[in-house]
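The values are calculated or read from the model by the stated rules, or taken from the named source; none is laboratory data. Predicted, not measured: the structure shown is a model, and the values here were computed from it. Every residue, glycine as well, gets a Cβ built from its backbone with ideal geometry; the counts of neighbours run over all protein chains shown. The accessibility values were calculated without ligands, DNA or RNA, using every heavy atom of the protein model including side chains. Shrake-Rupley method; radii C 1.70, N 1.55, O 1.52, S 1.80 Å.
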Amino acid sequence: MMIKPIGYSKKRAQEVLNKYNIDLLIASTPVNVFYTTGLPVTHVAPNPILYVLSNQYPNLSLVRKDGEESAIVWSLYDSVEEFSWVPPSDVFRVGSLEGAVKKLIEKIEEWGLVDKTIGLESYMPRYQSEALRAKFPNAKFVNGDQAFIGMRLIKTEEEIRRIKKSTEVAEKAINTCIEAVKLDMKDTELLQLARRTIVDEGAWGWDHLTMSIGSSDPEAPGLGTPVTPNDIVRFDFGAVWEGYISDVSRGVVIGEVPKKAQEAMEYMIQVQEFCADNIKSGVNAKEFKVEATNYLKSLTKRGFYLITAHSIGLECEETHLFGPSSAMDVPFERNMVLDLEVWLNVRGQGLVGVEDCYRVNDSGCERLSKLNKEIVVK
């Protein structure tokens with residue numbers, strides 16, 4: 001059975017490469033190699049061996065201006081056809097770092113691109129980029145990051161299906177933790193429960209398991225912090241379903257929600273729903289950031305706040321359409337998938353808020369996540 005592309009489209013690739021006037025675009029990061037080939041090279045995969053050994057046997061893909069792709073992969077990996085739509089004649093096998101560079105150079109010469117415009121990722125390993133620049137002094141090397149983002153921002157139905165399923169799994173893990181949480185239970189126990197749930201639900205694994213208890217650091221759980229009364233236990237989880245990621249956050253309290261935290265949550269839900277109702281095809285992201293900020297300030301003047309709309313898919317934060325420090329001067333488009341997260345800092349509780357995955361439509365946003373947004377009280 002012929003493998004079909006998941007999100008990659010030759011037509012869209014042609015449009016993007018023509019827009020940026022790029023003759024050859026080289027993918028070197030796991031997410032972009034996965035996107036353009038389907039090969040399971042990401043950090044979470046059924047067997048992430050291609051990722052683990054990429055420091056010895058690089059995985060690369062090459063996209064020409066007509067949208068045709070080629071792949072460079074480890075010579076001992078025999079299952080390319082089980083995952084990839086790249087024709088076998090365009091799959092080149094290598095057994096060393098030097099072999100990968102040699103093959104890159106060989107194909108650029110063969111395709112007559114020695115003096116053309118070549119797009120490289122900013123995270124391309126230095127030994128690769130320097131070898132190309134030294135070999136082809138007449139080529140024009142440009143940053144290819146925006147070209148890849150331009151391809152990936154609009155999701156296909158298959159990509160949306162995978163993000164939805166990933167979201168279901170993340171929510172199952174959150175709900176399982178909320179049901180299990182009790183006083184003095186340690187964060188290590190809750191993280192173990194989350195991991196087990198995600199795996200039992202059939203996901204490839206987890207992208208992130210962020211959590212906090214009261215004012216503890218949400219980015220560094222797993223220190224044995226116990227659940228305490230009247231403190232918000234926040235779960236911010238992202239599962240990985242067939243390569244695609246989710247990002248959902250919910251909270252639970254044993255006892256009583258602190259008054260300021262409850263007020264903050266009510267405000268943040270209103271701000272998130274304002275964003276979901278008003279973000280639609282054609283609305284400019286940079287202009288809307290101002291509207292969202294003004295709406296929040298109409299509700300409350302206190303506290304440090306964050307309002308972010310980031311694209312989600314193969315990465316949790318593919319790019320920020322708008323965020324605390326910047327915004328893209330581009331319109332939202334149908335079938336972008338966003339994570340809308342809004343936070344207000346509350347003394348003693350850290351950031352209080354909510355985040356959910358949404359699909360952009362012509363009349364607003366469709367929420368992919370289903371859990372109730374309110375803080376659960378036990």
Express the accessible area of region 156-261 per residue in Å², computed with a 1.4 Å probe while the remaining protein chains stay in the model.
-> 40 Å²
Over region 54-206, what is the mean sequence separation of C-alpha contacts under 8 Å (at least six apart), divided by residue count, expressed as relative contact order in percent?
-> 14 percent
Rounded to the nearest whole Å², what accessible area per residue is found for region 1-140 with the 1.4 Å probe?
-> 48 Å²
If you wrap a convex hull around the C-alpha atoms of region 79-168 and split its volume per residue, what is the figure in Å³?
-> 152 Å³
Report the charge-dipole magnitude of region 155-204 in Debye, nearest 20, computed about the Cα centre from +1 at each Lys and Arg Cβ and -1 at each Asp and Glu Cβ.
-> 80 debye
Treating only Lys and Arg (+1) and Asp and Glu (-1) as charged, each at its beta carbon, one finds that the chain has a dipole about its Cα centre, in Debye to the nearest 20, of 440 debye
Accessible area of the chain belonging to carbon and sulfur atoms, whole % at 1.4 Å probe | 49 percent
For region 12-52, what is the largest minus smallest coordinate of the Cα atoms on each principal axis, given in angstrom and ordered from greatest to least?
-> 36, 15, 10
Region 103-153, Rg to Rh (Cα coordinates; Rh as Kirkwood inverse mean 1/r) | 0.99
Percent of Cα pairs exceeding the 34 Å cut-off, where the set is the chain | 34 percent
Computed [θ] at 222 nm, deg cm²/dmol, the chain (DSSP H ≥ 4; -39,500 (n - 2.57); rounded to nearest 500) | -10500 deg cm²/dmol
Would you list His310, His320 from the most to the least accessible area, probe 1.4 Å?
-> His320, His310
Return the distance in nm (one decimal) between the two label points of a simple spin-label model at Ile269 and Ser281, each offset 7 Å from Cα along Cα→Cβ.
-> 3.1 nm
Kindly rank 248-254, 18-24 from highest to lowest mean number of other beta carbons found within 10 Å of each residue.
-> 248-254, 18-24
Compute log10 of I(q)/I(0) for region 220-288 with the Debye formula, placing one identical point scatterer on every Cα and leaving out solvent, at q = 0.17, 0.18, 0.23 Å⁻¹, to two decimals.
-> -0.91, -0.96, -1.09
In whole percent, the Cα-Cα distances of region 256-378 spread across 5 Å bins from 0 upward as 2, 12, 22, 24, 19, 12, 6, 2, 0
At the level of C-alpha centres, the distance separating region 225-241 and region 32-78, in angstrom, is 34 Å
Long-range Cα-Cα pairs in region 129-254 (distance over 25 Å), rounded percent | 41 percent
What span do the alpha-carbon atoms of region 54-205 cover on each of the three principal axes, reported in whole Å from largest to smallest?
-> 66, 32, 29
